Amino acid sequence: MNAYPETLLPDVRSLLAEAVDYAVVDLRMSAGEFLSLFVASEWARRIERGDKTVVLGLSGIELAERVLRDKTDRTEFPTARISMGRSRAYWTGWILAFYQWHSNLTFKEILRTVSADTILRMYEVAHEAPDERFAEVVDGLVREGMPETRLKRIRSAHGLSQAQLAERSGVGLRSIQMYEQRNKDINRAEAGSLLKLSRTLGCEMEDLMEPQGKEG
C-alpha cells in the first residue's frame, strides 16, 4: 500500500526536491543537515500522509523556510537563484519522495538506514534509471538496516513459521509476510486481524504495533 494517492506524487516530488535543492545550493547546507531537520519536523509527517494543504499549498522554498524557522533560529533567507538544470540535491529530494510513497515508511525510518550521503552517491548510476530500480536497491538496504518487526520477533519467540501463524490465526500468509517486510503497515491493519494475531501469539494487540515518530 502506498503512502497516499499516486495523483499527489508528482507534486510531493517537486516540493521536496525544490526544498532540498534550495537548502543545499542557496543556503549552503548539506543535504543531510537539512533532511535531519526536515524529518524532525511536523512538515515531514504531513507530507508522509499527503496533506494537500502542504503538498499543494507550499512551494519547495517555502517548505525549506518553514522547516528552518521551526527547527533553528534562522529568520532570514536569500532569494533562490534561477536554475537551468536539476542538481544532485534536487534529485535527492525527488527520489526520496518517491521512495517514501512507494514504501510507506516514514522519512525518518528511511534516512535512519539509508543516509542522505548514500542517496547522493547513487546519483551517477541511478538518476537516469527507472525509479523502481532505485526502490529495489533501497528496499534491500532498508531491510538490512532496520530491526525486525515486533510481529516477527514475537512469532519467532513462539517458534512459529509464517505459514503456521497464518494457519492458526486465520490471517492470510501474504499479509503476515508483508507486515514483517514492512511492505504493509501493521499499524493500519484491521482490528480483527490484529486481534486474531495477538490471541494466537498470546500478547496484546499493541505489542504487535510498530513505534512511530521516535527512535528504537
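The values are calculated or read from the model by the stated rules, or taken from the named source; none is laboratory data. All of these numbers come straight from a predicted model, not from anything done at the bench. No Cβ is skipped: glycine too gets one built from the backbone with ideal geometry, and neighbour counts run over all protein chains shown. For accessibility, only protein heavy atoms count, side chains too; no ligands or nucleic acids. Shrake-Rupley method; radii C 1.70, N 1.55, O 1.52, S 1.80 Å.
Cα gyration tensor of region 52-91, axes a ≥ b ≥ c as square roots of the eigenvalues: rounded (a/c below 1.5), prolate (a/b > b/c) or oblate?
Details: a/c = 2.00, a/b = 1.25, b/c = 1.59.
Oblate is the answer for region 52-91, as a/c is 1.5 or above yet b/c matches or exceeds a/b.
Based on the mean of other Cβ atoms within 10 Å per residue, sort peptides 14-27, 186-199 so the most packed one is first. Provide the component values of the computation, followed by the final result.
Details: 14-27: 23.7, 186-199: 15.6.
Ranking, from highest mean packing down: 14-27, 186-199.
Tell me the net charge near L120. Cut-off is 14 Å between Cβ atoms, L120 excluded, with +1 for each Lys or Arg and -1 for each Asp or Glu.
On the way: positive: R86, R88, R121; negative: D21, E33, D117, E124.
Net charge around L120: -1.
Tell me, what HN-Hα J-couplings in whole Hz come from the Karplus equation 6.51 cos²θ - 1.76 cosθ + 1.60 at θ = phi - 60° for each residue of region 92-98, using x for Gly and Pro?
4, x, 4, 7, 5, 4, 4
Answer rounded, prolate or oblate for region 105-181, using the Cα gyration tensor with square roots of eigenvalues a ≥ b ≥ c: rounded when a/c is under 1.5, else prolate when a/b is larger than b/c, else oblate.
Prolate shape, in that a/c is at least 1.5 and a/b is the bigger ratio.
In a solvent-free Debye calculation with one equal scatterer on each Cα, what is log10 I(q)/I(0) for region 38-158 at q = 0.15, 0.17 Å⁻¹, listed in the order of the q values?
-0.82, -1.01
Keeping all protein chains in place and using 1.4 angstrom, which order do R168, R74, R155, R28 fall into by accessible surface area, from largest down? Could the numbers behind the result be given before it?
Details: R168 160, R74 85, R155 20, R28 195 Å².
Final ranking, largest accessible area leading: R28, R168, R74, R155.
Rounded, prolate or oblate, given the Cα gyration tensor of region 61-113, with a/c below 1.5 counting as rounded?
oblate
Work out from phi, with θ = phi - 60° and the Karplus expression 6.51 cos²θ - 1.76 cosθ + 1.60, the ³J(HN,Hα) of each residue of region 152-169, listed in order in whole Hz, and give x for Gly and Pro.
With the stated coefficients, region 152-169 comes to 5, 4, 5, 4, 5, 5, 8, x, 9, 7, 4, 5, 5, 5, 4, 5, 6, 8 Hz.
Can you list residues whose amide H is under 5 Å from E210's amide H, if they're 5+ apart or on another chain and H is modeled 1.01 Å from N?
For E210, the qualifying residues are N187.
Working out 0.36 nm times the residue gap between R28 and T118, then minus their Cα-Cα distance, what length gain in nm do you get to one decimal?
On the way: separation 90, 0.36 × 90 = 32.40 nm, distance 1.89 nm.
Residue separation times 0.36 nm, minus the Cα-Cα distance, leaves 30.5 nm.
How many angstrom lie between the C-alpha centres of region 1-57 and region 123-178?
Measuring centre to centre over Cα atoms gives 25 Å.
Residue by residue, what Karplus-based ³J(HN,Hα) values in Hz, rounded to whole numbers, does region 3-20 have, using 6.51, -1.76 and 1.60 with θ = phi - 60° and x for Gly and Pro?
5, 6, x, 4, 4, 8, 4, x, 5, 5, 4, 5, 4, 6, 4, 5, 5, 5
With springs only between Cα atoms under 10 Å apart, run a GNM on the chain and tell me which of K52, K184, K108 wobbles the most.
K52
Amide H of S87 versus every other amide H placed in the peptide plane: which residues, excluding those fewer than 5 positions away on the same chain, fall under 5 Å?
Amide H neighbours of S87, under 5 Å, 5+ apart: none.
In the chain, with Lys and Arg counted as +1 and Asp and Glu as -1 at Cβ, which of these residues, T106, A135, Q164, has the Cα nearest the positive end of the dipole, that is, farthest along it?
My answer, from the dipole projection, is Q164.
How large is the dipole of the chain about the Cα centre if only Lys and Arg carry +1 and Asp and Glu carry -1, each at its Cβ, rounded to the nearest 20 debye?
Details: 30 positive and 33 negative charges, 96 e Å.
My answer is approximately 460 debye.
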